[in-house]
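Notes follow once the structure below has been shown.
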Ligand SMILES: Nc1ncnc2c1ncn2[C@@H]1O[C@H](COP(=O)(O)OP(=O)(O)OP(=O)(O)O)[C@@H](O)[C@H]1O
Ligand SMILES: [Mg+2]
């Protein structure tokens, strides 16, 4: 793992048989891939532990995050997903949501001197996505602009690895 080029675990390759795959990110104990397959279009999340450094203690929980997220998504009623273990941790795949995230979408509004006004309708879509989760009895616990994907039809709230059932 450390030092070797990132690869999808064999168990995920077997499950999805990708026709194309692209590494979206690999940082802080988490890899995200965009995968096309005959089964559909998926985000694949692969977790691994963060080793200790001189400045940081080890973070073994990042290896467990994808399986935890998979279990949360199942409990929320999603069926088009799977999760499991690989050599260094856990993985999940879930439907790929098209669109920019809120952080990226509003980047032009944050530029110094910018007169571009943020679209309030976009904020409403984010509120609706969060309210929908709350209505199901869950708290997200890691709400941030990068976790809202502004799709053409509706806004999706992603990264439910830390979500908690309330009550
Ligand atoms: N279902 C999805 N559809 C589309 N893109 C996704 C999806 N899930 C994750 N991504 C992409 O991967 C990025 C990281 O996803 P996520 O926040 O779920 O992972 P993470 O392990 O928490 O990473 P980070 O530490 O950066 O927060 C997102 O910002 C988004 O670009
Ligand atoms: Mg995240």
* **Count of segment 142-167 residues which are within 14 Å of the chain's Cα centre (by Cα) and over 22 Å from residue 105 (Cα atoms)** => 3
* **Failed condition for residue 92, given (1) free of Cβ contacts under 8 Å to residues at least 60 places away in the same chain; (2) crowded, with 18+ Cβ neighbours inside 10 Å; (3) part of a helix (DSSP H, G or I)** => (3)
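Conditions tested, residue by residue: (1) on the phi > 0 side of the Ramachandran plot; (2) outside the structural domain of residue 146 (by TED's automatic domain parsing); (3) within 16 Å of ligand 2 (Cβ to nearest atom).
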| site | (1), (2), (3) |
| --- | --- |
| 15 | no, yes, no |
| 18 | no, yes, no |
| 24 | no, yes, yes |
| 28 | yes, yes, yes |
| 45 | no, yes, yes |
| 49 | no, yes, no |
| 64 | no, yes, yes |
* Structure fact -> Over segment 97-152, the set of residues in contact with a helix residue (DSSP H, G or I) (Cβ under 7 Å, 6 or more places away or on another chain) and within 14 Å of ligand 2 (Cβ to nearest atom) is 101, 102, 103, 140, 143, 145, 146, 148
* Can you find even one residue in segment 108-120 that is surrounded by 15 or more Cβ atoms within 10 Å (Cβ to Cβ), more than 13 Å from the chain's Cα centre (by Cα) and closer than 30 Å to residue 136 by Cα? -> no
* Report, ordered by the first and then the second residue, all pairs with beta carbons closer than 8 Å, sequence separation of six or more or different chains, a first member in segment 151-167 that is at pLDDT below 95, and a second member that is assigned to a strand (DSSP E or B) and more than 11 Å from ligand 2 (Cβ to nearest atom). => 166/138; 166/139
* **Hits in segment 138-150 (condition: crowded, with 18+ Cβ neighbours inside 10 Å, touching a residue at least 40 places away in the same chain (Cβ under 8 Å) and either away from ligand 1 (no atom under 13 Å from the Cβ) or more than 18 Å from residue 43 (Cα to Cα) (or both))** => 138
* **Residue match in segment 116-128 (condition: under 29 Å from residue 21 (Cα atoms) and outside any helix (DSSP H, G or I))** => no
* Asked: Taking segment 153-162 on its own, how many of its residues are more than 12 Å from ligand 2 (Cβ to nearest atom) and farther than 18 Å from residue 24 by Cα?
  -> 3
* Asked: Being at pLDDT 95 or above and within 16 Å of ligand 1 (Cβ to nearest atom), is that true of even one residue in segment 108-121?
  -> no
* Would you say residue 86 is assigned by TED's automatic domain parsing to the domain that holds residue 65, modelled with pLDDT of 95 or more and away from ligand 2 (no atom under 16 Å from the Cβ)? -> yes
* Structure fact -> Within segment 41-68, residues under 20 Å from residue 18 (Cβ atoms) and crowded, with 18+ Cβ neighbours inside 10 Å come out as 42, 43, 44, 45, 46, 47, 48, 66
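The values are calculated or read from the model by the stated rules, or taken from the named source; none is laboratory data. What you are looking at is a predicted structure, and each value in this text was computed from that prediction instead of being measured. Ideal geometry is used to build each Cβ from the backbone, glycine not excepted, and the neighbour counts take in all protein chains shown.
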